[in-house]
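J.: To start, I am sharing the structure in question, which I have written as structure tokens.
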Amino acid sequence: MAAKIALSRIPVGYRVWERLGLFKHGTMERPRYALGVFRKHFDRSGLTGCADGFSVVEIGPGDTLSTAVIAKALGGTRCWLVDADAFARPDAQPYRDLVDSLRESGLRVDGLEAFATRDELLAACGAAYLTRGVASLAEIPDASVDFIFSHAVLEHIPRHHFARLASEMRRILKPGRIASHAVDLKDHLGGYLNNLRFSERVWESDFMARSGFYTNRIRFSEMLGHFRNAGFDCEVVRTCRFTGLRPARTAMAKPFREMSDDDLLISDFEVVLR
């Protein structure tokens with residue numbers, strides 16, 4: 001924590017840290033990994049082979065906008081990529097590699113063979129890159145989206161924005177369609193629950209939020225509660241659990257000390273929202 005706090009105060013841009021591997025937003029620049037993540041969520045949507053195409057929102061695309069290309073190759077017609085800042089690489093090479101990989105996998109990449117810039121590729125995919133976080137969702141029309149997904153992102157949404165995120169997802173999703181999310185509840189420090197040691201006043205301060213390891217600490221049942229309050233039915237399709245509490249319950253801040261083991265021991269889960 002001390003090292004990340006110190007490094008985050010050095011006045012260099014995110015691209016420098018990303019190249020050094022010190023602060024990095026996912027690994028979607030790897031073509032096969034990106035395709036695997038998309039298919040994992042997309043296969044739950046019932047949209048495979050949809051003759052009329054489909055629209056998709058990815059929350060938190062990270063370092064590359066691979067989803068726009070993959071969705072297009074699978075029949076997508078509209079794509080919104082929503083993030084808290086412009087983290088995605090601006091050069092075209094990762095997308096050329098992705099197009100080549102998709103072609104080798106037998107997917108159609110018609111219209112994606114020639115592009116000079118990332119923005120040209122996004123235009124060809126019918127994609128928009130929105131970088132104002134949860135506020136960006138207001139740019140997406142009501143009931144216009146067939147499929148929403150995120151992968152190890154929702155835990156990073158600021159706590160005070162989470163209810164709005166849930167309600168915005170409900171607003172933009174078409175009736176009968178789904179959202180699919182994989183959520184990592186570990187501390188993003190050592191892979192345990194050390195972030196639960198801190199009071200809310202300390203953890204939610206700007207100082208901590210800008211230090212590269214912030215998670216909102218919303219536990220399993222509370223997160224499902226946000227989804228249900230927004231009007232979703234929740235189907236939990238997978239859960240993983242810690243083998244024991246680390247740190248011990250006595251070392252946690254008071255609100256967490258009083259939580260049940262059922263909440264504290266869930267380390268990550270996947271949920272489908274209808």
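Each value in this text was obtained by applying a stated rule to the coordinates, not by laboratory testing. Not measured: the values here are computed from a predicted model. Neighbour counts are summed over all protein chains in view; Cβ atoms, including those assigned to glycine, are modelled from backbone coordinates with ideal geometry.
J.: Just from its helices, what would the mean residue ellipticity at 222 nm be for the chain, if runs of 4 or more DSSP H residues each count -39500 (n - 2.57) and the sum is divided by every residue, rounded to the nearest 500 deg cm²/dmol?
T.: Mean residue ellipticity at 222 nm (helix-derived): -8500 deg cm²/dmol.
J.: Once you compute Rg and the Kirkwood Rh from C-alpha atoms, what is the Rg to Rh ratio for the chain?
T.: Reported Rg/Rh (Cα atoms, Kirkwood Rh): 0.97.
J.: At most 15 other C-beta atoms within 10 Å and a DSSP loop state: those are the exposed GluC sites (Glu not before Pro) I care about. Give me the longest piece of the chain that has none.
T.: 114-257
J.: Count charges around R170 for me, please; just the other residues with Cβ under 12 Å from its Cβ, Lys/Arg as +1, Asp/Glu as -1.
T.: +3
J.: Of V202, V183, V56, which is the most mobile in a GNM of the chain whose springs link Cα atoms less than 10 angstrom apart?
T.: Answer for the Gaussian network model of the chain: V202.
J.: Residues with beta-carbon under 10 Å from that of A138, excluding A138: net charge, scoring Lys, Arg +1 and Asp, Glu -1?
T.: Details: positive: R132, R164, R171; negative: E139, E168.
Here the charged neighbours net out to +1.
J.: Return the loop-located trypsin sites (Lys or Arg not before Pro) in region 69-133 (DSSP other than H, G, I, E, B) with at most 15 other Cβ atoms within 10 Å of their own Cβ; answer none if there are none. Please list the in-between numbers first.
T.: Working: sites: K72, R78, R96, R103, R108, R118, R132; in loops: R108, R132.
Hits after loop and neighbour filter: R108, R132.
J.: Can you give the angle from 0 to 90° between the axis of helix 162-172 and the longest principal axis of the chain, with both taken from C-alpha atoms, to the nearest 10?
T.: Computed tilt is about 30 degrees.
J.: In region 27-151, how does Rg compare with the Kirkwood Rh, expressed as the Rg/Rh ratio over alpha carbon atoms? If you can, show how the numbers build up before the last one.
T.: Values: Rg = 13.2 Å, Rh = 14.4 Å.
Result for region 27-151 is an Rg/Rh of 0.92.
J.: Report the label-to-label distance for R32 and A92 in nanometres (one decimal), using points 7 Å from each Cα along the Cα→Cβ vector.
T.: Distance between label points: 2.7 nm.
J.: Let me ask something else about it. Can you count the Lys pairs in the chain with C-alpha separation below 26 Å, eight or more apart or on different chains?
T.: Step by step, the pairs that qualify in the chain add up to 11.
J.: For the chain, modelled as a GNM with alpha-carbon contacts under 10 angstrom, which of I178, I157, I140 fluctuates the most?
T.: Result for the chain, Cα springs under 10 Å: I140 fluctuates most.
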